[in-house]
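Have a look at the structure below before the remarks.
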Amino acid sequence: MTDIFSFLFSDAGYTPHGYCLAWDPRLIFLHVFSDVLIALSYFSIPVALFYFARRRPDLGYRKIVLLFAAFIFACGLTHMFAVLTLWQPLYGLEGVVKLLTAIVSLATATILWPLIPHLIAMPSAAQLRAANAALEREVGERRRAQQRLLEANEAAEARLNRRTAEMTELNLQLSQQVSKHQAIERELAETTAQFTDLASRTKTGIIHETESGKVLRASLQYAALIGAESPDELIGRTAEEWIVEPDAEGMRSFRRAVFLGSRESIEMRVRRADGSLVDMEKVAAVSHYRGEPIIVGFVRDITQRKTIEREAEIARLRMARSNEDLERFASIASHDLNAPLRHLRIIIDTVIENADGRLEQDSVKLLRQGYDATERMSALIKDLLDFSRIGSIENCDEPVDLNDILKRSIANLTENIKTNDAMIEVGQLPSVSGNAGALIHLWQNLLNNAMKYRSERPPEISVTAADVGEGWEIAVTDNGMGVPAEQADRIFEMHVRLHAYNDIPGSGIGLSACRRVVELHGGRIWLDTSYTDGARFVVWLPKRPESGGQAAVPQSRSA
């Protein structure tokens, strides 16, 4: 026993650990401070664990917590002995403490490793909170469900009581309802008979078809339209059996379009049972019969309308040929009429030259009047020929740049412009749909009139364009003698002149030709009576579809 005590508490001649540190104060302080601080920390941790284990006895791993506390406490003792052995070489006691620490550590590790899978499987606090919340919700739902079930049971009992009373009353009323239903059935039968009679009287036939064209049902009127004796003989057949135009593929395309959900119409050529051909129009839409989609078609006879359309087309072709013949006749007549007029002018000119003073002045004056009359006749024939050609204008839907049209019109009037010392200003003009040749004739006539009916001032003419929504207003303005407001409509009539031929030559056809050209282009022409410093003619022409509503700001240029 003495040997054990001596082993534990005697220095046995060993030197303190401080000698190993050469009693360096810095090293001594560093080791003492560190070991004491570690030991105090180790001592506090077991206290906390022991306190935790006491306060939470419900935990399933209390023993391992206490082992950890003992292990950490033993670790703290080893650090305290490290401080003690700096001055007291009690290495035997220190070894025993370390042995105890090793035993506790080994026991803790031995118990801890098998517990690792269980500890990993333990839910976290967040998971426990979520599970608890879910459990609370489930409990709440069950309570509410129980409450609802209780309320439903009470309501069911109340409804059962009410229904029992109602059934008693309904049983009393049933006999009355049966008689009423019988009366309604009689009325429905009468209504059905009336509807059937009405459908038979209308001129529109009704047909129900599948997507493949198989006839499901047909009205009496439809059967009558195609010459069948009864609707029953049409059921199960396809409409293509009696439809000549369009062909089978065309009818399949029509039905596909209807099944896509749109309301479609089509014109058909149908061969009746007697072999005659009739024109029909069919309007169809999708409906449902016994839960399946079907095509419901409404068919009417349009033979009379199509006959009128075909006759109108024939008349149009005849009129076109007639216009061509008339134009050829006018051209031939112009040539045949101008030929004797030219010959007559030559004779009159020859007589005047060869008279050599032998004719009286009155006779010469009469001959010159005859010569002028032939000139007027030639001009009138030319104007009439030009006017007759306007009606045969075609291709009025080509894109035409009015800036180019005005340039060409002005170029054609170069000599007249120089003669009259005229100034023409042209703003930025739009592009329209029309016939270039006819539009050149239009602007050339308007510019020529502006110079012909000039005042004493040199002619000043401007051409401008304005965007007015769906069309363009092109104004030709001059500073000439103007037109009286009361004559604003009359001047566009054929052969209407406001001045004597001797004062201002002309045929009275120009403005009438202008109006005809404008109307052929879907437009209008009028005199702006609000302008009094000359004359202003306004031409309205529709916009091209792709031109939209954008208009360029006119930039003036002169010619």
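Only one residue in Ala193, Ala199, Ala189 is touching a Leu at 6+ places or on another chain (Cβ under 8 Å) and modelled with pLDDT under 80, so which one is that?
From the options Ala193, Ala199, Ala189, the qualifying one is Ala199.
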Of (1) surrounded by fewer than 18 Cβ atoms within 10 Å (Cβ to Cβ); (2) in contact (Cβ under 8 Å) with a residue 60 or more places away in the chain; (3) out of contact with any helix residue (DSSP H, G or I) (no Cβ under 8 Å at 6 or more places or on another chain), Gly297 fails just (1)
| β-branched (Val, Ile, Thr) and modelled with pLDDT of 75 or more, is that true of Thr238? | yes
Here the qualifying pairs (Cβ atoms under 7 Å; residues six or more apart or on different chains; first in the range 245-268 and assigned by TED's automatic domain parsing to the domain that holds Glu211 and within 19 Å of His288 (Cα to Cα); second assigned to a helix (DSSP H, G or I) and among the aliphatic types (A, V, I, L, M)) come out as Glu264/Ala257; Glu264/Val258
Of the residues in the range 9-24 that are exposed (fewer than 15 other Cβ atoms within 10 Å of the Cβ) and of a type in the set (A, V, I, L, M, F, W, C), the one that is modelled with the highest pLDDT is Trp23
Would you say Ser378 is small (Gly, Ala, Ser), at pLDDT below 85 and within 26 Å of Ile491 (Cβ to Cβ)?
yes
- Query: Is the range 260-278 home to any residue that is over 25 Å from Glu309 (Cα atoms) and not small (Gly, Ala, Ser)?
  - Reply: yes
Within the range 425-456, residues more than 40 Å from the chain's Cα centre (by Cα) and over 19 Å from Thr414 (Cα atoms) come out as Ser455, Glu456
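Please work out if Arg524 is over 25 Å from Ile417 (Cβ atoms), assigned by TED's automatic domain parsing to the domain that holds Thr419, basic (Lys, Arg) and modelled with pLDDT of 90 or more.
yes
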Of the residues in the range 235-257 that are of a type in the set (A, V, I, L, M) and over 33 Å from the mean Cα position of the chain (by Cα), the one that is surrounded by the most Cβ atoms within 10 Å (Cβ to Cβ) is Ala239
Of those in the range 422-465 that are of a type in the set (Asp, Glu) and modelled with pLDDT of 90 or more, the residue surrounded by the most Cβ atoms within 10 Å (Cβ to Cβ) is Glu460
Selection from the range 57-101 of residues of a type in the set (A, V, I, L, M), over 18 Å from Cys20 (Cα atoms) and without any contact (Cβ under 8 Å) to a residue 24 or more places away in the chain yields Leu59, Val65, Leu66, Val97, Leu99
For Leu27, state whether it is in the same structural domain as Pro117 (by TED's automatic domain parsing) and modelled with pLDDT of 80 or more. yes
TODO: Answer yes or no as to whether Gly471 is within 50 Å of the chain's Cα centre (by Cα) and modelled with pLDDT under 90.
DONE: no
Exactly one of Ser230, Ser219 is touching a helix residue (DSSP H, G or I) at 6+ places or on another chain (Cβ under 7 Å) and loosely packed, with under 14 Cβ neighbours inside 10 Å, and that residue is Ser230
Residue hits (the range 96-120; of a type in the set (Gly, Ala, Ser) and either modelled with pLDDT of 80 or more or not assigned by TED's automatic domain parsing to the domain that holds Asp24 (or both)) are Ala102, Ser105, Ala107
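The values are calculated or read from the model by the stated rules, or taken from the named source; none is laboratory data. Small disclaimer: the values here were computed from a predicted structure and weren't measured. FYI the Cβ positions are ideal-geometry reconstructions off the backbone, even for glycines, and counts take in every protein chain you see.
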